Amino acid sequence: MRLTGKQLSATEEAVLKNDLTDAQQWLNNALAGKINNCKKRMIQEWMPKLMADESVGSIPANEDEMIALIVAREDYKSRNDREESE
């Protein structure tokens, strides 16, 4: 069995099959949940910053558009960027 580019050992596959009917679906759901949680935290962190920034004329109601606005800002740093600057 192969999940997202990783070939599972026979032991790993047996362990997953013991608890899961569809490991790939479980992984897809776990990834979707992680993305959703990260999106919520990102919006919660940036909403006050955007509202306090006088240069921001409007904030999109659409979450994807809001995130595009955030990552396009000069003051935006990804986690890797933040860790490198520390």
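Some notes on this structure:
- Extension gain from Asn36 to Val15, taking 0.36 nm per residue of separation minus the Cα-Cα distance: 4.9 nm
- Lysine pairs with alpha-carbon atoms under 20 Å apart, the chain, spacing 8 or more or separate chains: 8
- Ordered by the count of other Cβ atoms within 10 Å of each Cβ, fewest first, Glu13, Glu86, Glu45 give Glu86, Glu45, Glu13.
- Label-to-label distance, Lys49 versus Ser85, with points set 7 angstrom from Cα along the beta-carbon direction: 0.8 nm.
- Exposure proxy ranking for Glu74, Glu65, based on other Cβ atoms within 10 angstrom of each Cβ and starting from the fewest, stands as Glu74, Glu65.
Just so you know, all these numbers are worked out from the coordinates, no wet-lab data involved. Here the structure is a predicted model, which means the values were calculated and not measured. Note that we place each Cβ from the backbone using ideal geometry, even for glycine, and neighbour counts take in every protein chain shown.
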